[in-house]
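Let me begin by presenting the structure, written as structure tokens, before commenting on it.
The values are calculated or read from the model by the stated rules, or taken from the named source; none is laboratory data. Treat the numbers as computed from the prediction; the structure is a model and nothing was measured. Here the Cβ positions follow ideal geometry from the backbone for every residue, glycine too, while neighbour counts run over all protein chains shown. When the accessible area is computed, the model is the full protein with side chains, heavy atoms only, and any ligands, DNA or RNA have been set aside. Shrake-Rupley method; radii C 1.70, N 1.55, O 1.52, S 1.80 Å.
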Amino acid sequence: MSNDTHVLDRPPEGSSPDWTIPQNWDAFTPAQHAVWDTLFERQVKLLPGRASRAYLRGLELLKLSESGIPDFEELSARLMKLTGWQVVAVPGLVPDAVFFDHLANRRFVAGNFIRRADQLDYLQEPDVFHDVFGHVPMLADPVFADYMVAYGRGGQRAIEHGALKQLSRLYWYTVEFGLIAEDGALRIYGSGIVSSAGESRFALDSDSPNRIGFDLRRVMRTEYRIDDFQQNYFVIPDFDKLLRVTVESDFAPLYRDILAQPDIPIAAIVAGDEVITRGTQRHARERGWQAAATIDA
């Protein structure tokens, strides 16, 4: 469970055609369980007053506070009773079509490895902590769980329309790095934020990023980067709207329209945006990025 890379081009020996593998929970070492416990303890201290109600409720309902890497069989049994989802182990990143098929059938794929003790703050490939601590509590919420099914089905259609990049931005800016307005304040629900100590602070406390009201078309045109904090966060009013716009939108003409338009640069403000907070782009300048101003898109 400590391969140098978990990006594969074919299912490894011993995996099923759908890329799932036995979790083999007993093979995790005490040191690996300790990494989970260290990460867990650090994050749960940060999340009260920051994470959405749905996330915190899922964390409690699924009993993720128990020590050590969760046993997927036990975790899936709890999750199945709540929303019909289950967690399945995979050796690493899976092909898009496989990923979408699992989501469409209420199966969440989780990497069957955990980062080393010297990688606590950043890991490019999603490991079991990111996948389970970050994603799975939200799957205990019935509305968000249905959104993930709708996204999986939409992904299958996006491949046919050549719009996978555009749809992936929807996942990025909601499932991974989404914010929600609750009780007059912003809260985090995206897995990339809730599983990261640094981004949990940055997303809500920093004056650098833009925080913009969610708009499907706008999100699907917006570029992102995977190697640093986000400079745009999109805010939904509630999960019902997120599900509704995903289910009710006719994506075929939407894709045709979006594919004919230029991408929107990272950190840009677009005429017509609902700007909740306009960022200073201080973080972008410190990194030497070219910060974008208001553009007519």
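Quick rundown of the values:
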{"read-out": "Selection status of R106, out of contact with any helix residue (DSSP H, G or I) (no Cβ under 7 Å at 6 or more places or on another chain) and under 25 Å from V247 (Cβ atoms)", "value": "no"}
{"read-out": "Boolean, A97 is modelled with pLDDT of 95 or more, among the hydrophobic types (A, V, I, L, M, F, W, C) and under 18 Å from the mean Cα position of the chain (by Cα)", "value": "no"}
{"read-out": "Flag if F108 is aromatic (F, W, Y), under 15 Å from the mean Cα position of the chain (by Cα) and not in a helix (DSSP H, G or I)", "value": "yes"}
{"read-out": "The range 270-291: number of residues that are modelled with pLDDT under 95, open to solvent by less than 70 Å² (accessible area, probe 1.4 Å) and closer than 21 Å to E199 by Cα", "value": "8"}
{"read-out": "Entirely in the range 1-93, the helices (runs of 4 or more DSSP H) that have 2 or more residues that are more than 14 Å from F108 (Cα to Cα), in contact (Cβ under 8 Å) with a residue 40 or more places away in the chain and touching a strand residue (DSSP E or B) at 6+ places or on another chain (Cβ under 8 Å)", "value": "53-61"}
{"read-out": "Restricting the range 10-60 to residues that are crowded, with 19+ Cβ neighbours inside 10 Å and of a type in the set (F, W, Y), the residue that is farthest from the chain's Cα centre (by Cα)", "value": "F28"}
{"read-out": "Test for Y173: is it open to solvent by less than 10 Å² (accessible area, probe 1.4 Å) and closer than 15 Å to W85 by Cα", "value": "no"}
{"read-out": "Cross-chain or 6+ apart pairs with Cβ under 8 Å, the range 157-169 first and in contact (Cβ under 8 Å) with a residue 40 or more places away in the chain, then basic (K, R) and open to solvent by less than 80 Å² (accessible area, probe 1.4 Å)", "value": "Q166/R221; R169/R221"}
{"read-out": "Strands (runs of 3 or more DSSP E) lying entirely in the range 180-253 (those with 2 or more residues that are in contact (Cβ under 8 Å) with a residue 40 or more places away in the chain, under 23 Å from D146 (Cβ atoms) and open to solvent by less than 10 Å² (accessible area, probe 1.4 Å))", "value": "232-236"}
